[in-house]
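Here is the structure we will look at, set down as structure tokens.
The values are calculated or read from the model by the stated rules, or taken from the named source; none is laboratory data. Owing to the predicted nature of the structure, the values given are computational and were not obtained by experimental measurement. Counting neighbours? That spans all protein chains shown, and the Cβs are built from the backbone with ideal geometry, glycine included. Surface accessibility is based on the protein's heavy atoms, side chains included, excluding ligands, DNA and RNA. Shrake-Rupley method; radii C 1.70, N 1.55, O 1.52, S 1.80 Å.
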Amino acid sequence: MTPKTFKRIFVANRGEIAVRIIRACEKLGLETVAAVSSADTDSMAARMATQSVCIGPASAAESYLRSETLVTAARATGCDAIHPGYGFLSERAGFARMCAEAGLIFIGPSPEAIEQMGDKVSALKIAKEAGVPLVPGSGGLTRTAQEVKRVADAIGFPVLLKASAGGGGRGMRVIRSATEIDGAMRTAVQEAERAFGDGSVYVEKYVGRARHVEIQVLADTHGNVVHLGERDCSVQRRHQKLIEESPSPVVDPALRDRLGSAAVALARRVSYRGAGTVEFIVDEDSSDFYFLEMNTRIQVEHPVTEMVTGVDLVAEQIRIAAGHPLSITQDELRISGHSIECRINAENPDKDFAPSPGRITRWEPPTGAGIRLDTHCHEGAMISPYYDSMIAKLIVHAPDRASAIDRMICALEEFRIEGVDTTMSISRTILNDPAFRDRGVTTRWLEEEFLLPA
Ligand code: MV4
């Protein structure tokens, strides 16, 4: 297992994560090739990379999702490895396989691990075998309304119906009473079939007062697996995260140890390689935690973990893919201070978060100690309606949670963006809310208490 020497990395993504990957490559002394659609030929990633290559028209289906085109372009430009970023092809086992068959290193876990975790019922089974706690009632596929009824009789309502091929909250349905089972079952199966081509669903107890807490793991090819603490991502709207932070205001060192050990046990069970995230739900009242799913990619919110651990997760991904051992051990890892990330989307919160594409006519970002901005945007940049509306991630680091919140509020106030509407105003209002400031909020707070005040 002598480490390979990479020379050139192919960046199979766009936006801020493409820029983030290129920065990590620069730091490691690696050349980069940016894959760009015709809408992105003048992007920040295209300008920063050693070289860029147009892989198709603006539509993602005809560019960033074309696996053959990407693999061919990576080979043609002399790359050793492909970084998939997040979204697009990052969790497609078939793409990871295609890379390997073309003699390219896929910067991520094995196709088998992607498959085992991508199918949520399979992931639950493996988690159970690894001794990781599951939500009560959770287990195998549920084929009939009677089975749902049996589970609900055993654990009580409400229960939650989830699509096995789903994930990230897509296709979930709460069932509050027996009369709702038939209808929920029919629509859930139908929706899952249409969205994922797989109508398999499963049911579990709905944990209503809960935090979404996820553990970052890193695993190398030498048998080392570490966790880097948690991120609290409870502030979500329609399963889109708005604010993430590390550490979680509800996780103490003892709970962190237990969550971390569970995440490491699961990663070991699938011989995980690279960076991964194990999602848990933490019951607000009991502090009991349950496994939800594992994401086999680098996540949008990875910077808050980097800020409190000092570990460059993207650089670690690349080093691991080249066969190097992890640069840190569990004993060396320390959580220092508090970090918060606000996703800034070109959307209008007053118009039900409608996308607001267009040209950025003014761009004056905040600067100063403890402020980080991950973005591909600048004055004059065009925000295309073809892609997701995230234009930047503003990240702060401070000695404690209260000062991190204050630092973020100041940074948001300083940030001047004109030409497109943004979600900065709503982030500020959330950060100023006494409930958020006190000890954070549950997953239902934003949509049920904040956005719909009585
Ligand atoms: C849950 C849950 C409560 N109980 N499962 C959402 C993302 C996906 N990974 C799983 N998710 C959840 N699963 C059980 N059994 C709560 C969530 C959840 C959530 C639910 C409603 C509204 C916002 C949410 C935000 C994060 C997680």
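Per residue, how large is the accessible surface of the range 278-318? Use a 1.4 angstrom probe and give square angstrom. Let's see the in-between values first.
Details: 820 Å² over 41 residues.
Roughly 20 Å² per residue, with all protein chains present.
Farthest toward the dipole's positive end in the chain, which of 227, 106, 354, given Cβ charges of +1 (Lys, Arg) and -1 (Asp, Glu) about the Cα centre?
The listed residue farthest towards the positive side: 106.
Does anything in the range 27-56 have its amide N under 16 Å from the 7 Å Cα→Cβ label point of residue 378, and if so which residues?
Only 40-52 fall inside the zone, counting backbone N under 16 Å.
Please tell me the relative contact order of the chain in percent, rounded to the nearest whole number, where contacts are Cα pairs under 8 Å and at least six residues apart.
Numbers: 983 pairs, mean separation 65.3, N = 454.
14 percent.
Send over a whole-number figure in Å² for the accessible area per residue of the range 102-142, probe 1.4 Å.
On the way: 1440 Å² over 41 residues.
Here the residues of the range 102-142 average 35 Å² of exposed surface.
How far apart, in nm, are two points set 7 Å out from the Cα along the Cα-to-Cβ line at residue 172 and at residue 238?
1.6 nm
Roughly how big is the range 99-150's charge dipole about its Cα centre, with Cβ charges of +1 (Lys, Arg) and -1 (Asp, Glu), in debye to the nearest 20?
440 debye
So what's the back-of-envelope 222 nm ellipticity for the chain, counting only DSSP H runs of four-plus at -39500 (n - 2.57) apiece and dividing by all residues, rounded to 500?
My calculation for the chain gives -9500 deg cm²/dmol from helical runs alone.
Compute, for the chain, the length of the dipole vector about the Cα centre, with Cβ point charges of +1 (Lys, Arg) and -1 (Asp, Glu) only. Units Debye, rounded to 20.
780 debye
Under 8 Å for C-alpha pairs, at least 6 residues apart: give me the relative contact order for the range 210-449, rounded to a whole percent.
Value for the range 210-449: 22 percent.
Would you please give the FRET efficiency between residue 261 and residue 361, computed as 1/(1 + (r/R0)^6) with r the Cβ-Cβ distance and R0 = 56 Å, to the nearest 0.05?
0.65
Could you sort 183-189, 405-411 so that the peptide with the highest average Cβ count within 10 Å comes first and the rest follow in order?
Packing order, densest peptide first, comes out as 405-411, 183-189.
In whole percent, and with a 1.4 Å probe on the protein chains, what portion of the accessible area of the chain is carbon and sulfur?
Within the chain, the accessible surface is 48 percent carbon and sulfur.
For residue 112 and residue 182 in the same chain, what is the full-extension length gain: residue separation times 0.36 nm, less their Cα-Cα distance, in nm?
21.7 nm
List the trypsin sites (Lys or Arg not before Pro) within the range 295-355 that fall in a DSSP loop (any state other than H, G, I, E or B) and whose Cβ has at most 13 other Cβ atoms within 10 Å.
Within the range 295-355, the qualifying trypsin sites (Lys or Arg not before Pro) (loop, at most 13 other Cβ atoms within 10 Å) are 334.
What are the semi-axes of the equivalent ellipsoid for the range 136-205, taken as the square roots of 5 times the Cα gyration tensor eigenvalues, largest first, in whole Å?
So the equivalent ellipsoid measures 18, 12, 10 Å along its semi-axes.
How far apart, in nm, are the 7 Å Cα→Cβ label points at residue 452 and residue 285?
2.1 nm
If you take every residue apart from residue 225 with its C-beta less than 12 Å away from the C-beta of residue 225, what net charge results, scoring Lys and Arg +1 and Asp and Glu -1?
Neighbourhood net charge equals +2.
For each pair in 4/27; 149/241; 4/393; 27/120; 4/125, compute the distance between the two Cα atoms and list the pairs where it is over 29 Å.
From the list (4/27; 149/241; 4/393; 27/120; 4/125), the Cα-Cα distance tops 29 Å for 149/241; 4/393; 27/120; 4/125.
Would you mind calculating the gained length between residue 72 and residue 252 on full extension (0.36 nm times residue separation, minus the Cα-Cα distance), in nm to one decimal? Write down the numbers at each step before the final one.
Working: separation 180, 0.36 × 180 = 64.80 nm, distance 4.79 nm.
In short, 60.0 nm is gained.
Nothing charged except the Cβ atoms of Lys and Arg (+1) and of Asp and Glu (-1): what's the magnitude of the dipole of the range 8-107 about its Cα centre? Round to the nearest 20 debye.
140 debye
Can you report the principal axis dimensions of the range 8-107 using only the alpha carbons, biggest first, rounded to whole angstrom?
Principal extents (Cα only, largest first): 30, 29, 23 Å.
Assign one of three labels to the chain, namely rounded, prolate or oblate, based on the Cα gyration tensor with a ≥ b ≥ c the square roots of its eigenvalues; rounded applies when a/c is under 1.5, prolate when it is not and a/b is larger than b/c, and oblate otherwise.
It comes out rounded by the Cα gyration axes.
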